[in-house]
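Everything below concerns the one structure shown next.
The values are calculated or read from the model by the stated rules, or taken from the named source; none is laboratory data. Treat the numbers as computed from the prediction; the structure is a model and nothing was measured. No Cβ is skipped: glycine too gets one built from the backbone with ideal geometry, and neighbour counts run over all protein chains shown. Ligands, DNA and RNA are stripped out before the accessible areas are found, and what is left, the full protein with its side chains, is counted by its heavy atoms. Shrake-Rupley method; radii C 1.70, N 1.55, O 1.52, S 1.80 Å.
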Amino acid sequence: MEDQTRHGELRRGEERQTDRWGGRITRRDRFAVPSLVRLVIYPLPIVMVLIAVSLDLVTAPTLTGSALFCAAPLVAAPFFTTIGTALVGMFSVGAVALMRVLDEMSTGEMDLAETSSTAVVALLAVVISRLLRRRGAAASSAWTIAEAAQLAVLPVPPSRLGGFQVAARYRAAQVDARIGGDLYAVQETPYGVRLIVGDVRGAGMDAVEAMVVMIGAFREAAEQEADLAAVAARLEHALHREAQQKHSREYDEGFTTAALAELPTGRPETLRIVNRGHPPPLLLADGRTRFIDPSEAALPLGMSELGDGPERADEVPFPWGTQLLLYTDGLSEARDSDGEFFEPDKALAERAFDDPEMLLDALLVDVQAHTGDAAADDMALMAVQVQRRPGAH
């Protein structure tokens with residue numbers, strides 16, 4: 001029973017994590033079309049043929065529906081299967097042939113020319129449909145592989161961990177992209193629940209590789225280091241080690257901003273933060289919002305040659321009912337059409353959310369409305385709160 005519950009939670013988490021804004025090729029290799037549009041598009045080729053037949057029957061001989069006969073299979077090609085497109089083409093060619101037989105003023109040459117033209121266009125539509133299906137299958141395969149890679153690198157965190165409720169989201173700026181340089185991870189350790197949200201400089205495979213290094217180093221260091229600042233130091237070391245092995249300019253000049261958080265074991269109303277050049281985490285409680293600004297400014301990870309990181313974590317109260325939001329600059333630097341930045345503290349003020357999932361769902365809706373669904377940067381989000389009031393049953 002517990003395994004089934006756990007599986008259901010993970011499945012719901014995957015659905016939340018991988019939901020998308022906008023349509024694209026589906027896993028069945030067909031274009032994803034909103035249901036209202038589908039009701040219009042699917043009958044359209046047949047309607048076009050019927051209109052063409054009506055024009056031939058009720059109008060003057062000089063006004064024919066030949067253009068509609070040819071257009072019908074072409075309209076079907078992007079949205080119908082190859083067989084469906086072929087059936088529409090056969091229906092269109094048959095309708096043309098029947099109209100030419102019924103037209104007493106037409107000549108044999110005219111009948112043959114118009115019927116042949118429609119047949120050629122129908123055949124072309126079948127070829128186009130076939131090519132689109134193959135391209136759709138390739139896009140679907142690539143999307144599936146990218147989705148699997150995302151869930152492997154950025155797995156959906158457990159909704160409950162160490163007495164806390166946790167939620168995470170990743171949003172790519174490009175509709176068909178799945179993984180960028182933004183990252184998150186959460187882990188229950190002997191020292192408490194530890195979290196990280198970070199942003200790797202750059203893009204492409206170098207950024208993805210650095211992200212994988214960061215997450216791997218975090219999971220190892222979070223288990224072994226008693227101090228959160230020491231965890232950040234281990235991440236710094238991992239980036240430098242990888243740069244030396246790669247000997248690439250991107251790694252040498254790369255850096256990662258990150259916010260690390262710790263909810264110490266036995267102290268559920270305490271929060272520790274180490275901020276390495278990252279946007280400040282946000283606390284939400286009783287409709288009020290407050291940024292956790294670092295007591296000591298620190299450079300991003302990977303830039304230790306220019307300065308040292310903080311020697312200890314900042315500690316702030318984290319009473320029951322308070323929610324913590326960690327995010328990347330894809331959220332705080334999201335702009336509207338007038339160039340105004342999205343302000344999460346103002347957007348979330350005077351609002352209450354029952355759990356972190358609801359918080360992130362509402363936040364993504366707000367960002368989408370602010371940008372008009374035109375985000376310029378990826379974003380990673382993580383929220384956490386105490387699962388229940390201490391002592392409650």
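Mind listing whichever residues of the stretch 336-374 are among the charged types (D, E, K, R) and either modelled with pLDDT of 90 or more or touching an Asp or Glu at 6+ places or on another chain (Cβ under 6 Å) (or both)?
Step one: filter the stretch 336-374 for residues among the charged types (D, E, K, R), giving 336, 338, 340, 343, 345-346, 350-351, 354-355, 357, 361, 366, 373.
Across the stretch 336-374, the qualifying residues are Glu340, Glu343, Asp345, Lys346, Glu350, Arg351, Asp354, Asp355, Glu357, Asp361, Asp366.
Could we say that Leu124 is at pLDDT 70 or above and open to solvent by less than 40 Å² (accessible area, probe 1.4 Å) here?
No, not satisfied.
Does the stretch 264-296 hold any residues that are in contact with a Phe, Trp or Tyr (Cβ under 8 Å, 6 or more places away or on another chain) and farther than 15 Å from Gly321 by Cα, and which are they?
Across the stretch 264-296, the qualifying residues are Pro264, Thr265, Gly277, Pro279, Pro280, Pro281.
Among the residues of the stretch 175-192, are any closer than 16 Å to Ala261 by Cβ, small (Gly, Ala, Ser) and at pLDDT below 90?
No, there is no match, as no residue in the stretch 175-192 is closer than 16 Å to Ala261 by Cβ, small (Gly, Ala, Ser) and at pLDDT below 90.
Just give me the residues in the stretch 127-145 being modelled with pLDDT of 85 or more and open to solvent by 40 Å² or more (accessible area, probe 1.4 Å), in sequence order.
Matches in the stretch 127-145: Val127, Ile128, Arg130, Leu131.
Yes or no: the stretch 153-168 includes at least one residue that is touching a helix residue (DSSP H, G or I) at 6+ places or on another chain (Cβ under 7 Å), at pLDDT 85 or above and open to solvent by less than 20 Å² (accessible area, probe 1.4 Å).
The answer is yes; a qualifying residue exists.
Quick one: would you say Leu239 is modelled with pLDDT of 95 or more and surrounded by 20 or more Cβ atoms within 10 Å (Cβ to Cβ)?
Taking the combined requirement at face value, the residue does not satisfy it.
Picking from Pro61, Pro43, Pro78, which residue would you name as being over 27 Å from the mean Cα position of the chain (by Cα) and either surrounded by 14 or more Cβ atoms within 10 Å (Cβ to Cβ) or at pLDDT 80 or above (or both)?
Pro43
If we scan the stretch 262-270, do we find a residue that is assigned to a strand (DSSP E or B), crowded, with 21+ Cβ neighbours inside 10 Å and in contact with a strand residue (DSSP E or B) (Cβ under 6 Å, 6 or more places away or on another chain)? Can you show your working first?
Here is the first cut: in the stretch 262-270, the ones assigned to a strand (DSSP E or B) are 262-264, 270.
Subsequent filtering for residues that are crowded, with 21+ Cβ neighbours inside 10 Å retains 262-263.
Subset that is in contact with a strand residue (DSSP E or B) (Cβ under 6 Å, 6 or more places away or on another chain): 262-263.
Yes, there is a match, as at least one residue in the stretch 262-270 is assigned to a strand (DSSP E or B), crowded, with 21+ Cβ neighbours inside 10 Å and in contact with a strand residue (DSSP E or B) (Cβ under 6 Å, 6 or more places away or on another chain).
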